[in-house]
Amino acid sequence: MAQHPNLIGGEWRTGESFPNINPSNLNDVIGEYARATIADCRDAITAARGAAKDWGLTPPQVRADLLYKVSAAIEAESARLADLLAREEGKTLREASGEVVRAMNIFRFYAGEALRGPGERYDSSRPGIEIQVTREPVGVVGLITPWNFPIGIPAWKIAPALAWGNTVVFKPADLVPGCAWELARIIHEAGIPPGVFNLVMGRGTDVGAEIIHNPGVDAVSFTGSVETGAKVLQGAALRGAKVQMEMGGKNPLVVLADADIDRAVQVALDGAYFGTGQRCTASSRLIIEDAIHDKFVTCLIEALSAQIVDDARKPGTTIGPVVDERQFEQDLRYIEIGRGEAHLAWGGQPLKRATRGFFLQPALFTEARNDMVIAKEEIFGPIAAVIRVKDYDEALAVANDTRFGLSAGICTTSLKYAQHFRRHANAGMVMVNCPTAGVDYHTAFGGRKASSYGSREQGPYAVEFYTTVKTAYQAM
Ligand code: NAD
């Protein structure tokens, strides 16, 4: 069985290992991955501290060249990486390929950003003085990522961190160490100096907690659940570290009576069910205007009936398995709760396939109300609830009536309602006639309320988190 060690201070370090299991086939062990200890994590932080000064002072061309090399290597290995991603996380090969291309583009984008080096110059209000506002690296950044985007989310944290001169301690989710390890290997092979980038594949409760509490970590970027996010905030912010967090969602998709029905159904299907519904931006609340409600539900059920739930790597599969047993049990629990609250209009059954895996028929609830558990809590599975509303005003009120605020969508052919929704939806991202999930890599990503904390990720906006501003005054 292939062994995959941690990367600490430029050295590969073995240790006790854990298996990476394919959710489409529980007999398929992808490999063994070294489980980092707290001591390993401390060594990684020390190595990152030791490397921070020199890396922060490297000419931007050095950082740009390195990121570009990483991007080229991802491109060269893209087919193998996509296969590994589908095998360890369970999203379809098509979805996995898209995520790998995204990771490649992210490294390429930040290679350019490294060279742009943001800064401003002002004349002082006092005579004979010049002011320069520059950005410097924050120092050592701890990156903690979830399992649902095994290469995309690591890429969108690691690339800007390195581009702007920070050193990195990266802890991926335990469920998907495969893509994280391959990315670390690629970064190592690209020639990154020892200690600048460290990989610690360990448990959240010890290695993750060490990153949060260790004073050697200057900034923590976290993506995961609201519950874990609260611990990150308590630990890191209290000791004065910079914190950025992206968390859960309960994203609304409004469909108005004037919507193009085919488009609305495709947008709902993609947003709610693709990626097995395991996306923070998934449209789990479908808010449908009364006049189009019945037709929409009929068409969505027809579309759901045509989906093929099977092995993620099998050609033809449109929805892969649920990621693991814990999430599978959670999905079934919510389906049970939903049966008691609303009407299960379609699906929700565990499915048997040629291999033993966590296959679940996508579920659609109708007659749901916004105050029900299935409409309030993030389920993180292929499950959506239809809420019937009388008009646009009620739809907007229901859409905004949630503790989350990541993404919000509307399907309409009315310019008036599209514009009004874009302005008044209380979410970090708004989609008109396109799925709530599915975002670009070169612009701001993030939410409001319980979904996010701190500055935006991705695109040039990431500079806010990965740099610190210096204002210098000089008498001429
Ligand atoms: P999670 O919170 O369980 O774990 C996220 C990461 O935190 C993992 O690496 C985990 O090991 C680590 N962790 C766990 N306990 C920790 C602790 N006490 N201290 C430090 N680290 C700890 O989340 P998950 O189940 O991996 O991912 C699903 C969640 O992520 C969902 O809520 C989803 O909405 C969210 N998510 C959000 C976004 C976004 O950008 N908003 C993107 C993807 C996923």
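The numbers here are math on the coordinates, done by the rules we state, and not lab data. None of the values given here were measured: they were computed from a predicted structure. A quick note on method: Cβ atoms are made from the backbone with ideal geometry, for glycine too, and the neighbour counts reach across all protein chains shown.
Per the Debye formula with a single identical scatterer at each Cα and no solvent contribution, what log10 I(q)/I(0) holds for region 11-90 at q = 0.23 Å⁻¹? Results for region 11-90 at q = 0.23 Å⁻¹ read -1.04.
Residue order for LEU26, LEU332, LEU183, fewest other beta carbons within 10 angstrom first, comes to LEU26, LEU332, LEU183.
Here's the picture: a label point sits 7 Å out from the Cα of ALA230 along the beta-carbon direction, and within region 250-266 nothing has its amide nitrogen under 11 Å of it.
Candidate cross-link partners of LYS231 among the aspartates and glutamates, defined by an alpha-carbon separation under 17 Å and a same-chain spacing of 8 or more, comprise ASP206, GLU210, ASP218, GLU246.
Rounded to 0.05, the FRET efficiency of the ARG423 and ALA39 pair, given R0 = 51 Å and the Cβ-Cβ distance, is 0.45. On a per residue basis, the convex hull of the C-alpha atoms belonging to region 317-423 measures out at 128 Å³. Size of the chain from its Cα atoms: along the principal axes, largest to smallest, the extents are 70, 65, 39 Å. Counting every other Cβ atom within 10 Å of each residue's Cβ, THR14, THR355 order from fewest to most as THR14, THR355. Modelled spin labels at GLU16 and ARG326, positioned 7 Å past Cα toward Cβ, are 1.7 nm from each other.
When you work out D = kT/(6 pi eta Rh) for region 143-187 at 25 °C and 0.890 mPa s, using the Kirkwood radius from C-alpha pairs as Rh and the Stokes-Einstein form, the result is 234 µm²/s.
Just from its helices, what would the mean residue ellipticity at 222 nm be for the chain, if runs of 4 or more DSSP H residues each count -39500 (n - 2.57) and the sum is divided by every residue, rounded to the nearest 500 deg cm²/dmol?
On the way: 15 runs with 182 residues, N = 476.
Taken over the chain, the calculation gives -12000 deg cm²/dmol.
Pop the C-beta distance of GLU136 and SER305 into the FRET formula with R0 = 51 Å and round what comes out to the nearest 0.05.
Computed FRET efficiency for GLU136 and SER305 comes out at 0.35.
Over region 58-167, the Kirkwood radius and the radius of gyration, each from Cα atoms, give a ratio Rg/Rh of 1.15. Each residue, THR413 and ASP28, gets one label point 7 Å from its Cα in the Cβ direction; the gap between the two is 4.4 nm. The lysines whose alpha-carbon is closer than 19 Å to the alpha-carbon of LYS376, local same-chain residues fewer than 8 away aside, are LYS250, LYS449.
Here region 212-362 carries DSSP beta bridges of which approximately 10% are antiparallel, counting only pairs with both residues inside. Straight-line cross-link reach from LYS314 at under 20 Å between alpha-carbon atoms covers these lysines, not counting any fewer than eight positions away in the same chain: LYS91, LYS352.
Given R0 = 56 Å, the distance between the Cβ atoms of ARG339 and GLN474 translates into a calculated FRET efficiency of 0.20.
Stick to Cα atoms and the Kirkwood definition of Rh, then tell me Rg/Rh for region 107-193. For region 107-193, the value is 1.16. Compared with the alpha-carbon gap, the fully stretched path from GLU75 to LYS295 is longer by 74.9 nm at 0.36 nm per residue. With 0.36 nm allotted per residue and the present C-alpha distance subtracted, the ARG353-THR443 stretch has 28.4 nm of extension available. As a rough footprinting exposure proxy, the listed residues ILE410, ILE379, ILE38 were ranked by other beta carbons within 10 Å of their own, and the order from fewest upward is ILE38, ILE379, ILE410.
Taking 0.36 nm per residue of separation and subtracting the Cα-Cα distance, full extension of the segment from ASP54 to ASP123 would add 21.7 nm.
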